[in-house]
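Notes for the one structure printed next.
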Amino acid sequence: MPFPILINNLKKKFGDEEIYRDLTLTLENGAITALVGPNGCGKSTLLKILAGLVQPDSGECRLELREELKFSYIFQNYQETLLPWKTAADNIALPLHLQKYSRAAVNQKIARLAKWLPPSLALHRYPYQLSGGQQQLIAFWRALITDPKLLFIDESFSALDHEQALRLRLALQEYHCEQKATVVIVSHNVDEAVQLAKTIIVLSNRPTVVSQIIDNSLPYPRTPATLVTDEFFALRRQVLNALHKVMSI
Amino acid sequence: MKKIIHFVSGPAVLFFVWYSVSALHLVEPFFLPGPLVTIKKFFQLLISGNILPDLFATLFRLGLSFLIAVLVGVPLGLMLGFSKKLYRHVEFLIDFFRSLPASALFPLFLILFGAADWSKIAVVAFASTLIVIFHTAYGVLHSSKTRTLATRLMGVNHWQLFCHVTWWETLPHTLVGLRHAVSLSLAVIIVTEMFVGTAVGLGRRIIDFQITYEMPNLYATILLAGLVGYLSNLVFIFLEARAVHWNGRV
């Protein structure tokens, strides 16, 4: 059943700085949508408004059924969201503990992740003992462990090396296809946006409006091999052109 | 090995200077007995059991007033930390009384609680409770907004948020407060024992030895008081390293 996320005439100012002036867009339910655009155009703020962490000045934000939806949010400053007094494993399991899952159920869920986790990742260690990339993995899997139907990801593959990033993008696609989850990603990485998203929304400079919407019908899963196909390059070029249009250089 | 050298080098220099000053008679030997004599006296006092009642009396007062400070200070600090509004109302009072030398309050407490042990314990508990309140509230107020927000988005209730996040955020600050409180408590206890009637206590013994000019005993007792302070501090440093292992690494 389609329950799109609707954003209508959104207005928001931070002090004198106008972020959005009548921003209107629709995010498709059950699809991966990527938001790309210049720095400071309010991509992250949009996720925060949708999550209810920031209040818009005016306009409408309809996130149907948010209460019933299982929802996860991976922050841009993911390192600050991990709890340093818990081990990596306990951090991943935290949302399940909070929902009173039994030990056995938690262990079962963590075991299911094992195939996606690099063997070098020591889950008994504390986050501060892990590298930035490993911490990002922890934040990612902590968000997915509850099988959310709605997932916001803010720049969350930025600290990973190429191999880890590719592995995680595959994992995310598999998850999305299995769960029919709605995923909204904010990204500066065009390859990542094109590999993951069904719809790529290019935002303008402030005050931000939608500059272009690019549909991407490449079939899932989009593997590393997809990244070197002509279709991929064509889409990539289209996104880059759209981005260059909103740039001031 | 390096650690041992670091640990020993400071005391060794002090010992050498003390020994030289004493051996060269730079200070009248009566007023400054040598380190060897003093250390001998120190062990004699301990082994003979002569000083033990005083040591235990001081430790008892220290322990009890510290316990009161923890039991009252931590919950109050948490409460104030949670309510910024309430904290703003009492911030001045806490800062004022925290800055006020506790010994200045002693005459007042003497009137309120009488000359027995309670007045001493009360004044020390009062002073250290304020320190614990301040540090605990500070910990809650300065806990990471991002961690709180991210955990809140997982759909936690207030109690779960407290158990999984806020308590741990506060713990490093609370432990610093407890360490300061125990140091201050010892200082105030020794002072009150010196100047207010008590039969036993390290402070009392220090003043007695001074009046009777038993200098080696005086130095040995000072050494013992210093050792109590140092060891109690050490317990907290150990606790901090264990209980808040992440502190300073995130």
Please work out if A:ARG112 is open to solvent by 40 Å² or more (accessible area, probe 1.4 Å) and in a helix (DSSP H, G or I).
yes
Of the listed residues (A:TYR73, A:TYR128), the one being touching a Leu at 6+ places or on another chain (Cβ under 6 Å), under 14 Å from B:ARG147 (Cβ atoms) and not β-branched (Val, Ile, Thr) is A:TYR73
Tally the residues that are touching a helix residue (DSSP H, G or I) at 6+ places or on another chain (Cβ under 9 Å) and surrounded by fewer than 18 Cβ atoms within 10 Å (Cβ to Cβ), restricting the search to the range A:152-163.
2
How many of the residues making up the range B:1-16 are in contact with a Pro (Cβ under 6 Å, 6 or more places away or on another chain) and of a type in the set (Gly, Ala, Ser)?
0
Taking first residues from the range B:140-165 that are within 7 Å of another protein chain (Cβ to nearest Cβ) and second residues anywhere that are open to solvent by 30 Å² or more (accessible area, probe 1.4 Å) and acidic (Asp, Glu), the pairs with Cβ under 7 Å that are 6 or more apart or on different chains are B:SER144/A:GLU80; B:THR146/A:GLU80; B:ARG147/A:GLU80
Pairs returned, first residue in the range B:231-250 that is away from every other protein chain (no Cβ under 14 Å) and over 17 Å from A:ARG125 (Cβ atoms), second residue that is open to solvent by 40 Å² or more (accessible area, probe 1.4 Å) and at pLDDT 90 or above, beta-carbon separation under 8 angstrom, 6 or more apart or interchain, are B:SER232/B:SER183; B:ASN233/B:ARG179; B:ASN233/B:SER183; B:PHE236/B:ARG179; B:ILE237/B:ARG179
Output the number of the condition that B:VAL196 fails; it satisfies all remaining conditions of (1) under 14 Å from the mean Cα position of the chain (by Cα); (2) open to solvent by less than 40 Å² (accessible area, probe 1.4 Å).
(1)
Looking at (1) modelled with pLDDT of 90 or more; (2) open to solvent by 30 Å² or more (accessible area, probe 1.4 Å), find the lone condition where B:ASN217 falls short.
(2)
I'm told A:PHE152 meets every condition in (1) outside any helix (DSSP H, G or I); (2) hydrophobic (A, V, I, L, M, F, W, C); (3) more than 14 Å from chain B (Cβ to nearest Cβ) except one. Can you identify the failing condition by its number?
(3)
Considering every residue within the range A:73-82, establish whether at least one is over 25 Å from A:ALA242 (Cα atoms), within 17 Å of the chain's Cα centre (by Cα) and β-branched (Val, Ile, Thr).
yes
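The values are calculated or read from the model by the stated rules, or taken from the named source; none is laboratory data. What you are looking at is a predicted structure, and each value in this text was computed from that prediction instead of being measured. Glycine also receives a Cβ, built like all others from the backbone with ideal geometry; neighbour counts cover every protein chain displayed. Accessible surface areas use protein heavy atoms only, side chains included; no ligands, DNA or RNA. Shrake-Rupley method; radii C 1.70, N 1.55, O 1.52, S 1.80 Å.
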